Amino acid sequence: MFIEKIKQIKAFVFDVDGVLTDGIVHVTEAGEQLRQFNIKDGYALQLAVKRGYKIAVITGGRSEGVRLRLKGLGITDIFMFVDSKVQVFNQFLADKQLSASQVLYMGDDIPDLEVMQLSGLPVCPADAVEDIKTISEYISPKDGGKGCVRDVLEKVLKIQNQWDEISPSAKDAAFQ
């Protein structure tokens, strides 16, 4: 059943803090909030974009640095400072003409719970909170910000024969 669900995936939705990052926010004396991204996650994200998958990021945060990093990877559906992830998720489905069963959603904490339950394939990093682990159909062995995004993207793309036919470039995962 799990493999069959993976075969149906056409889109990915990710939370930021605790999924694309390790959830730690460094605050400078000037009040700037800094996050750290995993370059291997970045490579897989830009490859998925190039392969034609729809990728969205839905977060309650509003960091301009996060937006710039995601745009540099080719992600255009970036929803920030979101109060209702369900509302944004449903609008994303409508805009992209997708059914929820075609979407893998990766979240790590309570704000992701309701929207994950609507997605076709809810997944989480190894260090997600227990409530999220309970509803997830796959728990990555990798923590948030430590390769969990690469893990799920690589699995889906390999099962759909979209991973191996590539000519990798070092610049593909770099910040642009």
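The values are calculated or read from the model by the stated rules, or taken from the named source; none is laboratory data. Nothing here was measured: the structure is a model prediction, and the numbers come from that model. Heads up, the Cβs are rebuilt from the backbone with ideal geometry, glycines too, and the neighbour counts pull from every protein chain shown.
Scanning segment 125-133 turns up one or more residues that are touching an Asp or Glu at 6+ places or on another chain (Cβ under 7 Å), outside any helix (DSSP H, G or I), of a type outside the set (A, V, I, L, M) and modelled with pLDDT of 95 or more.
Considering only segment 98-110, state which residues are touching an Asp or Glu at 6+ places or on another chain (Cβ under 9 Å) and either surrounded by fewer than 20 Cβ atoms within 10 Å (Cβ to Cβ) or assigned to a loop (DSSP other than H, G, I, E, B) (or both). G107, D108, D109, I110 - these are the residues of segment 98-110 that are touching an Asp or Glu at 6+ places or on another chain (Cβ under 9 Å) and either surrounded by fewer than 20 Cβ atoms within 10 Å (Cβ to Cβ) or assigned to a loop (DSSP other than H, G, I, E, B) (or both).
With respect to Q91, is the statement that it is among the polar types (S, T, N, Q) and in contact (Cβ under 8 Å) with a residue 24 or more places away in the chain true? Taking the combined requirement at face value, the residue does not satisfy it. Filtering segment 46-69 to residues that are out of contact with any Leu (no Cβ under 8 Å at 6 or more places or on another chain) and of a type in the set (G, A, S) leaves G52, A56, G60, G61, S63. Which of the residues that make up segment 23-48 are over 12 Å from the mean Cα position of the chain (by Cα) and farther than 21 Å from D112 by Cβ? Those that are over 12 Å from the mean Cα position of the chain (by Cα) and farther than 21 Å from D112 by Cβ: H26, V27, T28, E29, A30, G31, E32, L34, I39, K40, Y43, L47.
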